[in-house]
1. Rounded, prolate or oblate, given the Cα gyration tensor of the range 109-169, with a/c below 1.5 counting as rounded?
2. Once you place label points 7 Å from the Cα toward the Cβ at Val9 and Tyr165, how far apart are they in nm?
3. Assuming 0.36 nm per residue, please report the length gained on full extension of the stretch Ala87 to Ser121 beyond their Cα-Cα distance.
4. Would you kindly derive the ³J(HN,Hα) couplings of the range 104-116 from the backbone phi angles with the Karplus curve 6.51 cos²θ - 1.76 cosθ + 1.60 (θ = phi - 60°), listing them in order in whole Hz, with x for Gly and Pro?
5. In whole Å, how far is the Cα centre of the range 9-83 from that of the range 92-169?
6. For Ala106, what residues show an amide H to amide H distance below 5 Å, using hydrogens built from the backbone and excluding near sequence neighbours?
7. Counting other Cβ atoms within 10 Å, keep those with at most 15, restrict to DSSP loop, and tell me which GluC sites (Glu not before Pro) in the range 64-169 are left.
8. How large is the direction-averaged shadow of the alpha-carbon convex hull of the range 17-104, in nm²?
Amino acid sequence: MGQDKAEVVVADRPMISWVIDALEPVVDRVIISGRTGAWNGHPGLADPEGMDGPLAGLAAGLRFGEPVLLVAVDQPWVRTETLAKLASIGETVVPVHDEFRQVTCAVYYPVILESVYQAGSLQGLMDLAPPLEVTEPVWRSWGEDGRSWFSVDRPEDVATGLERYGVPG
């Protein structure tokens, strides 16, 4: 992207603000992993030494001994309703879309922490500590259409997301 993804603007706001807005009604606190400082009043959480990326953020969050509702900063169209459904299941749970596990819009429980340190990636973690997989018929019954895991990985993805889903939120 050529810049910090959190700061990429979608509909006049940084992506991170859309993700936080979707999370706040569902969780007790929002912590921004991979950051040492706070962002808009939300504390940052440094990655464990020797780790980076979403797996590192998960490891850092799970050390609190509580479930982690993990959402990537580049998913501004994530729906609060989908997050609430995922969180209500009560175990490590990952949606599956087009046979691909949506590991950056999932709930993880501390029981898998040891496996997190053994896995080389979030996808690799799925093999070490298989989650409950939420299939497309289930998440579609929640009113989800796949927008919650639509990622902005390239500048043109912002326009695609806006055309496909409209303004986030």
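Each value in this text was obtained by applying a stated rule to the coordinates, not by laboratory testing. The model shown is predicted, which means the values in this text are computed figures rather than measured ones. A quick note on method: Cβ atoms are made from the backbone with ideal geometry, for glycine too, and the neighbour counts reach across all protein chains shown.
1. oblate
2. So the two model labels end up 2.0 nm from each other.
3. In short, 10.1 nm is gained.
4. Values, residue by residue: 9, 8, 8, 10, 10, 9, x, 4, 8, 4, 4, 5, 4 Hz.
5. When both Cα centres are located, 14 Å separates them.
6. Distant-sequence amide H within range of Ala106: Leu70.
7. For GluC sites (Glu not before Pro) across the range 64-169 that sit outside H, G, I, E and B with at most 15 neighbouring Cβ atoms in 10 Å, the list reads Glu91, Glu99.
8. 6.1 nm²
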